[in-house]
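Enquirer: Structure incoming, see below.
The values are calculated or read from the model by the stated rules, or taken from the named source; none is laboratory data. Quick caveat, the model's predicted, so the values are computed rather than measured. No Cβ is skipped: glycine too gets one built from the backbone with ideal geometry, and neighbour counts run over all protein chains shown. Note: accessible area is taken over every heavy atom of the protein model, side chains too, but ligands, DNA and RNA are not part of it. Shrake-Rupley method; radii C 1.70, N 1.55, O 1.52, S 1.80 Å.
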Amino acid sequence: MTDLVIDAQGIGKTYGKGSARFTALADVTVQIRRGECVAIVGKSGSGKSTLMHLLALLDQPDTGTLAIEGVDTRALNARRTSELRNRTFGFVFQQFFLTPGTSVLDNVTLPLEIAGVAPRVRRERGRAALAQLELDDKAGSNATDLSGGQKQRVVIARALVSEPSVIFADEPTGNLDTATGAVVEETLLRLNREQGITLIVVTHDEDLAARCDRQIVLRDGRIVSDSAREEVAA
Amino acid sequence: MRAADVVTKAVRNTYRSKLRTTLTVLALFVGAFTLTLTTAVGAGVTDYVTKQVASLGADDVFIVTRTAETTTDGPAEYDPETSSASTGTTGPGLPGTGASDPITEADLDEIASFDGILSVDPVQTAAVDFVQYDDGTKLELTISPTSSVTNADLVAGEQLDEGGDPQLVLPADYVDPLGFGSAEDAVGSTVSIGITDVLGEQHTVEATIAGVSQESLLNSGAGANTALVDELVEVQSAGIDSDDPRYAIAVARFDTSLSSDEVAALKAEIIDAGFGAQTIQDQLGVIKTVIDGIIGVLNAFAVIALIAAAFGIVNTLLMSVQERTREIGLMKAMGMRGRTVFALFSLEAVAIGFLGSALGVGVAALLGTALSGALSAGPLAALPGLTILLFEPASILGIMLLIMAIAFLAGTLPARRAAAKNPIDSLRYE
Ligand SMILES: Nc1ncnc2c1ncn2[C@@H]1O[C@H](COP(=O)(O)OP(=O)(O)OP(=O)(O)O)[C@@H](O)[C@H]1O
Ligand SMILES: [Mg+2]
C-alpha cells in the first residue's frame, strides 16, 4: 500500500453556483504507484488541470477521497497540507513563474527557503540541482535574462531541489519551441528513469504522452481511458 | 520559513518597484519630518520653561496670598468676613499672585501653625536706586521679591547662601556695564547698592556677588538673600517701626518628606483657612497647558500627513499584491503558509515605514539642529538658554516606532489580501 503515492477514489469538482454550476471533474478514480510516469491528456477544458490541482493538494475535491503516501488528506489541517506539498511535491508549470529581478539560485532554492532550510545548505543543494541540469554557470544570473528553455530547466531544478517523490508538470513544453521542448521533455523523463521520481505530466503533446508509461485520457471531466487499467483488463 | 529569511525577503521586495516605493517613502518622509520638528519645538520650549520653573523657585514652597487662587474660575464672591477692598495695584512681579489683600503678622502665625509647614516668611520688597562697583557707573536695579526662595539659572558662581552675609545674584547683562571682565570675575566682588529711605535720604549698602544668573522670562531682576533684604528694608524704613506690617505675599516652606497627596491636602487646608496657596508647579501649569496646546495642534498636522501617507502605503502594496499574484500563488503552491505571506507583506510595509521615518527623522534632526543654532544666535538671542528645537533620542525613536506602527497597520489590508489568495486562482491568473 505504501507503494501507492497517490490514491484518489471517486474525486469530483464542481465550480460555480446555481445556473453557472459546472462540473469540471466527476467521479475520477486513479491510483499512481511510486516511480510511475503518467501523462494526463485530453481536449482543452476536459479537466486535466483541475485533476492535477486536486492530486497535488492545491485544491480540495468536492466528492471522493484522496490519500497521499497512505495518508488521508481530509485528516490534515492547513499547516500539515502545506508541509506535505512542500516536502512531497515539485511543480513545473506552463508559465515559468520565476521571480523577476532575483538570481537563478534564489529562484531554485525557494522551496527550501519555504521549508526553513539553513541558507548554506540551501545554496549547496541549489547548486547541485542546477549542476544536474547543466546550468551551474547561470546560478548568479538574473532569472529574467535566461532563454525560454533555460528558464524551464531552472523551473525543473526548482521542482527537484527539495527531493520530492512526485513532480507535477502542467504543459511543461507548451511554451517552448520543438527543439527546446524536446530537451525539457528529455530532462523530465530522465529524472523519472534515473532517480525514480514519480512524474505526472499534463500535456497536449502526443509525443511526450507516448513516452510515458501510462496515459490517462479525460473527456468532459471523466476518465475515458487509462492505459494501466487496460493492461490489467487485458 | 525562517524568520530571518522572511525579513530579508520582505526588505528585498521593497526594492523591486523602486519608483513606487520611493514615492511612498517620500510621503512618509514629509510626515516624519514634520512630526520630528514639531516634537522638537515642544521639547525645546518645555525644556526652557522647566529651566524657568527652577529659576522661579524651590519645589518645597507655597506662595501664600490672602485671596483665593487666581487660577480658579471666575471672580470670587464677596464675603464681608474675609474680603477687604483691593487696591487694584498688582502684587510684586510674580505670575499668579495678582491683586491681593495684605497678609498680617497674625496670618503668618496662622499659616505657620499648619502641620507640615516648616517656616513662613513674608516677602519684603525693597526699592533699590542703583548698583555700583568700585566707583564705576551707577546702574538701576530691581530686586526680585522672591529671590530668597528661588534657584537662579546660574552662569557663574553659586546660589544665594541664606544663612550668611548680604549676598546678591546679579543678572548676566549687568556684568559688562558694571565693569567686570567676565561673569567669573564678578563672583566674589563687593558692590554698593544705593537706596533711598522713607525720609528721602539716600544710603548705600554693601553686598557680595554670590553668582551671576541667566536672564529669565519669568523672574527678572537681581536676587538677594534674606540678610541683604532685611538690611535694605531696615535702611528703607529709616528706623520707623510699623506696628502692624502688611505683606502682599508670604513664602511657606513645607516638609520635603511629604508625599504629593499630602502636599495637596496641606494646600487645601491653607486655602480653606482663607488664603491662596500655590506651588511653583501650579503657577506654571497654565503656561505649560498653553504650550502643550500649541504643540498638540502642530502635531495634529503632522499626523494628518502621516495618515495620508498611510493610504499611500495601502495603495502601493495593493498594487504589489496584484502584480505578484502569480508569485504568491507559486509560493503557496510550494507550501508557503498564509501567515508567512501575511508577514512578508506587512513586513514590507514596515520596511517602507522604516525607510520613510529614518529619512524624515534624520533630515529633520540635521536641518533642525542647524536652524536652531542659527535662531539662537540671531532672532532668539534675547532668550538665552532657549534651544528652540531640542531633539531627544527617546522621542525620535518614538516617532520612528509610531510611523512603523502606522505603516504596519496600513500594510495589514494588502497583506491579508495576499494571504487569502488561493494558489490555483493565482496560478490561473493572467
Ligand atoms: N475557477 C473556476 N471557475 C469556474 N470554472 C472553472 C474554474 N476553473 C476551471 N473551470 C472550468 O473547468 C473546466 C476544466 O478546466 P481545466 O483547466 O481543468 O481544463 P484543461 O483540461 O486543463 O484545459 P487546457 O488544456 O485548456 O488547460 C473548464 O471548462 C474550465 O472553464
Ligand atoms: Mg490546463
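Enquirer: Among B:322-328, B:180-186, what's the highest-first ranking by average C-beta atoms within 10 angstrom per residue?
Expert: B:322-328, B:180-186
Enquirer: Let me ask something else. Give me the percent of the accessible area of chain B that comes from carbon and sulfur atoms, probe 1.4 Å, all protein chains in place. List each step's numbers first, then the result.
Expert: Working: 11910 of 20520 Å².
Carbon with sulfur: 58 percent of the solvent-accessible area.
Enquirer: Once you've got the GNM for chain B with C-alpha springs shorter than 10 Å, pick whichever of B:G188, B:G378, B:G116 has the biggest mean-square fluctuation.
Expert: B:G378
Enquirer: With heavy atoms of protein chains only and a 1.4 Å probe, what residues of region B:332-367 have at least 10 Å² less accessible area in the full set of chains than alone?
Expert: The answer is B:K332, B:A333, B:M334, B:G335, B:M336, B:R337 - residues whose exposure falls by at least 10 Å² when every protein chain is included.
Enquirer: In a GNM of chain B with a 10 Å cut-off on Cα contacts, which of B:A377, B:A252, B:A156 has the highest mean-square fluctuation?
Expert: Of B:A377, B:A252, B:A156, the most mobile in the Gaussian network model is B:A377.
Enquirer: If you count, for every residue in A:45-58, the Cβ atoms of partner chains within 10 Å of its Cβ, what is the mean?
Expert: Across A:45-58, the average partner-chain Cβ count within 10 Å equals 2.
Enquirer: Please list the non-local residues whose amide H lies under 5 Å from the amide H of B:L154, H modeled 1.01 Å from N, same-chain partners needing a gap of 5 or more.
Expert: B:Q214
Enquirer: Gaussian network model of chain B, Cα springs within a sub-10 Å range: biggest mean-square fluctuation belongs to which of B:G329, B:G200, B:G223?
Expert: B:G200
Enquirer: Also, quick follow-up: Taking the square root of 5 times each eigenvalue of the Cα gyration tensor, what semi-axes in Å does the equivalent ellipsoid of region A:4-228 have, largest first?
Expert: The equivalent ellipsoid of region A:4-228 has semi-axes of 29, 20, 16 Å.
Enquirer: Related question: For Cα pairs less than 8 Å apart in space and 6+ apart in sequence, what is the mean separation divided by the residue count of chain B, i.e. the relative contact order in percent?
Expert: 28
Enquirer: For a quick protection proxy, order the peptides B:366-373, A:192-199, B:411-418 by their average other-Cβ count within 10 Å, most packed first.
Expert: Final packing ranking: B:411-418, A:192-199, B:366-373.
Enquirer: Along region A:62-70, what does the Karplus equation 6.51 cos²θ - 1.76 cosθ + 1.60 (θ = phi - 60°) give for ³J(HN,Hα), rounded to whole Hz, x for Gly and Pro?
Expert: 7, 10, x, 10, 9, 10, 10, 6, x
Enquirer: Can you tell me what the convex hull of the Cα atoms of the protein assembly as shown projects to on average, as an area in nm²?
Expert: Dividing the Cα hull surface by four gives the mean projection, 45.9 nm².
Enquirer: Please list 3J(HN,Hα) in residue order for region B:180-188, calculated via the Karplus relation 6.51 cos²θ - 1.76 cosθ + 1.60 where θ = phi - 60°; whole Hz, with x for glycine and proline.
Expert: With the stated coefficients, region B:180-188 comes to 8, x, 8, 4, 5, 4, 5, 4, x Hz.
Enquirer: Within a 10 angstrom radius of each residue's Cβ in A:93-104, how many Cβ atoms of other chains show up on average? Whole number is fine. Intermediate values should be presented prior to the final figure.
Expert: Details: counts 5, 1, 5, 2, 9, 2, 9, 4, 5, 5, 0, 0.
That works out to 4 on average.
Enquirer: Solvent-accessible area per residue for chain B at a 1.4 Å probe radius, Å²?
Expert: 48
Enquirer: What number, in percent, do you get for the relative contact order of region B:341-430 if the mean sequence gap of Cα pairs under 8 Å and at least 6 apart is divided by its residue count?
Expert: 54
Enquirer: Something else about it: For region A:4-228, what % of the accessible area comes from carbon and sulfur atoms, probe 1.4 Å? Don't jump to the answer; show the numbers that get you there.
Expert: Details: 4220 of 9400 Å².
Answer for region A:4-228 is 45 percent, counting heavy atoms of protein chains only.
Enquirer: Taking B:K288 as the anchor, which lysines have their alpha carbon closer than 25 Å to its alpha carbon, excluding any fewer than eight residues away along the same chain?
Expert: Answer for B:K288, where 25 Å is the Cα cut-off: B:K51, B:K267, listed by chain and number.
Enquirer: Send over a whole-number figure in Å² for the accessible area per residue of region A:4-228, probe 1.4 Å.
Expert: 42
Enquirer: Run the numbers on region B:1-37: which residues show a drop of 50 Å² or more in accessible area, chain on its own versus all protein chains together, using a 1.4 Å probe over heavy atoms?
Expert: B:M1, B:R2, B:D5
Enquirer: Oh, and also: Please determine, in degrees from 0 to 90 and to the nearest 10, the orientation of helix B:393-420 with respect to the longest principal axis defined by the Cα atoms of chain B, where the helix direction is its Cα long axis.
Expert: 30
Enquirer: Here is a follow-up. Which order do peptides B:21-32, A:208-219 fall in by mean Cβ count within 10 Å, highest first?
Expert: In decreasing order of mean packing, B:21-32, A:208-219 become B:21-32, A:208-219.
Enquirer: Please list, in chain and number order, the residues 5+ apart from A:D62 or on another chain whose amide H is under 5 Å from its amide H, with Hs placed from the backbone.
Expert: A:G12, A:K13, A:T14
Enquirer: Just tell me which lysines come within less than 28 Å, Cα to Cα, of B:K9; anything on the same chain fewer than 8 places away is out.
Expert: Of all the lysines, those that pass the test against B:K9 - Cα under 28 Å, at least 8 places apart if same chain - are A:K138, A:K151, B:K18, B:K332, B:K421.
Enquirer: Convex hull over the Cα atoms of chain B, averaged projected area in nm²?
Expert: Values: hull surface 115.9 nm².
Mean projected area of the Cα convex hull: 29.0 nm².
Enquirer: Only Cα pairs under 8 Å and at least 6 apart count here; give the relative contact order of chain A as a rounded whole percent.
Expert: 28
Enquirer: To the nearest whole number, what is the average tally of beta carbon atoms from other chains within 10 Å of the beta carbons of peptide A:110-116? Present the calculation step by step, with values, prior to reporting the outcome.
Expert: Values: counts 6, 5, 3, 9, 10, 5, 4.
For this peptide, the per-residue mean of nearby foreign Cβ atoms is 6.
Enquirer: So what's the angle, to the nearest 10 degrees on a 0 to 90 scale, between helix B:338-377 and the longest Cα principal axis of chain B?
Expert: That helix lies at roughly 30 degrees to the long axis.
Enquirer: Separate question: Could you tell me how many cubic angstrom of Cα convex hull volume region A:1-95 has per residue?
Expert: Value for region A:1-95: 123 Å³ per residue.
Enquirer: Chains B and A: buried accessible surface, both sides, probe 1.4 Å, rounded to 100 Å²?
Expert: Counting protein atoms only, the buried area is about 2200 Å².
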